[in-house]
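Please read the structure below before turning to the comments.
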Amino acid sequence: MMALSPLGRLATVALAGLAFTACASMDVRSFVERGVDFTQFRTYDWAATEARATGDPRLDNNPFFHERVRADVERELAKRGFEKTTSGTPDVQLHYYASVTQELNLNGMDQPYTLNATDRAYTRCNNCEPFVYDAGTLMVDLVDTRTNRLAWRGWAEGSIDGMVDNQEWMEERIAESVARIMERLPRRF
């Protein structure tokens, strides 16, 4: 096996990190209030809320981020037969929240020895280097306006490393996140 130079090792680690974030998994979940009849919901509007900080000034100061989230949620709701209304009281009010935190991936540091299934021997992890990455959460709430109670919440969590500084990539990730979140919304009919 050929030994890598320090520069070669750095390039390998950088490429592995890039591959990790490009293929980063997204955890998508939802909550449905028991007893809610989703067939009664036809109209929606955005709730008047104060702007909430995401934890990352690059997103907080990016109007395109907020516009994109709202546009993607509205598109997904239209696909499901919901209509936006700005007059009267809608059936549901929408809220969304986004947050960014830095997370630590131990990358095997917590398990320096791994069992090799082929020869049943323990081997030491040579490239186990922890790294810090940006983790993002996007949450969408539907609040029943008749009861003022949460009817449904969907959220997606995952790595957003490199996306905040790349508008096109960020928009693609938002569209994917919103679509996957809204797939978990109960059917109205």
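Give the residue, chosen from Val164, Val140, that is part of a strand (DSSP E or B) and either at pLDDT below 75 or in contact with a helix residue (DSSP H, G or I) (Cβ under 7 Å, 6 or more places away or on another chain) (or both). Spell out the reasoning first.
Values: Val164 fails: part of a strand (DSSP E or B).
Selected residue: Val140, the only one of Val164, Val140 that is part of a strand (DSSP E or B) and either at pLDDT below 75 or in contact with a helix residue (DSSP H, G or I) (Cβ under 7 Å, 6 or more places away or on another chain) (or both).
Are any residues in the stretch 32-88 within 21 Å of Arg146 (Cβ to Cβ), among the hydrophobic types (A, V, I, L, M, F, W, C) and either over 21 Å from the mean Cα position of the chain (by Cα) or assigned to a loop (DSSP other than H, G, I, E, B) (or both), and if so, which ones?
Residues satisfying the conditions are Val36, Phe38, Phe41, Ala47, Ala48, Phe82.
Are there any pairs, at least 6 apart or on different chains, whose C-beta atoms fall under 7 Å, with the first in the stretch 27-42 and farther than 15 Å from Leu94 by Cα and aliphatic (A, V, I, L, M) and the second modelled with pLDDT of 95 or more and in a loop (DSSP other than H, G, I, E, B), and if so, which?
What qualifies is Val28/Arg184.
Which one of Glu172, Glu176 is surrounded by fewer than 21 Cβ atoms within 10 Å (Cβ to Cβ), under 12 Å from the mean Cα position of the chain (by Cα) and free of Cβ contacts under 8 Å to residues at least 24 places away in the same chain?
On the way: Glu176 fails: free of Cβ contacts under 8 Å to residues at least 24 places away in the same chain.
Only one candidate passes the filter, namely Glu172.
Those residues that are exposed (fewer than 14 other Cβ atoms within 10 Å of the Cβ), under 26 Å from Ala135 (Cα atoms) and either at pLDDT 95 or above or not β-branched (Val, Ile, Thr) (or both), I need them from the stretch 26-52; list them, please.
Asp27, Arg29, Phe31, Glu50, Ala51, Arg52
Could you give me the residue pairs with C-beta distances under 6 Å whose first residue belongs to the stretch 84-105 and is over 23 Å from Ile174 (Cα atoms), whose second residue is of a type in the set (Phe, Trp, Tyr) and part of a loop (DSSP other than H, G, I, E, B) wherever it lies, and which are 6+ apart or on separate chains?
Every condition considered, the pairs that remain are Asp91/Phe41.
The values are calculated or read from the model by the stated rules, or taken from the named source; none is laboratory data. Remember, predicted model here, so these are calculated numbers, not experimental data. For neighbour counting, all protein chains shown are included, and Cβ atoms are generated from backbone atoms with ideal geometry for every residue, glycine included.
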